[in-house]
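One structure below.
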Amino acid sequence: MQGDESCHLLGGGDNSRGETELERLEKEYEVKTSRIQELRTQIQGLRTKIENINKLRAIDVVHAASGREKKIEAFKALTEMYNTLRDEYNALLAVAVADKSQDHEASHNA
């Protein structure tokens, strides 16, 4: 029985049945080849999509770094402004204390 089956698969024996089997195998091969091509196309599409996502993430990282740099620069500017205002306040406070001290001595001496 196995000899008959192998004979049919190899195209021996009943010729019409062998052709039918061959046609079936060719059709199956075409279907599988077509499916493989579809999958390759999908894979390539996904690769492209992933590359684009990675590019966008890289851009986001650069923008985030740029945002951090802007924040650092803003912090430095605010710190400098604070220090300038603090120095000015301390200078004015020293003048006010000195004036008050002179007024107090003048009223004490009078």
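The values are calculated or read from the model by the stated rules, or taken from the named source; none is laboratory data. Please read all numbers here as calculations on a predicted model, not as lab measurements. All Cβ positions, glycine included, derive from the backbone under ideal geometry; neighbour counts span all protein chains shown. Areas reflect the complete protein model, heavy atoms only, side chains present, ligands, DNA and RNA absent. Shrake-Rupley method; radii C 1.70, N 1.55, O 1.52, S 1.80 Å.
So, counting K/R as plus one and D/E as minus one, what does the shell of residues with Cβ under 15 Å around Phe75 add up to?
Numbers: positive: Arg68, Lys70, Lys71, Lys76; negative: Glu69, Glu73, Glu80.
So the surrounding residues net to +1.
Tally Lys/Arg at +1 and Asp/Glu at -1 over every other residue whose Cβ is under 15 Å from the Cβ of Asn54; what's the total? Show your work: numbers first, answer last.
Numbers: positive: Arg47, Lys49, Lys55, Arg57; negative: Glu51, Asp60.
Counting the neighbours of Asn54, the net charge comes to +2.
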Cut-off 11 Å between beta-carbons: net charge of the residues surrounding Glu28, Lys and Arg +1, Asp and Glu -1: 0
Accessible surface, the chain, averaged per residue in Å² (probe 1.4 Å): 93
Accessible area of the chain belonging to carbon and sulfur atoms, whole % at 1.4 Å probe: 59
Check: the chain dipole with +1 on Lys, Arg Cβ and -1 on Asp, Glu Cβ, in debye: 240
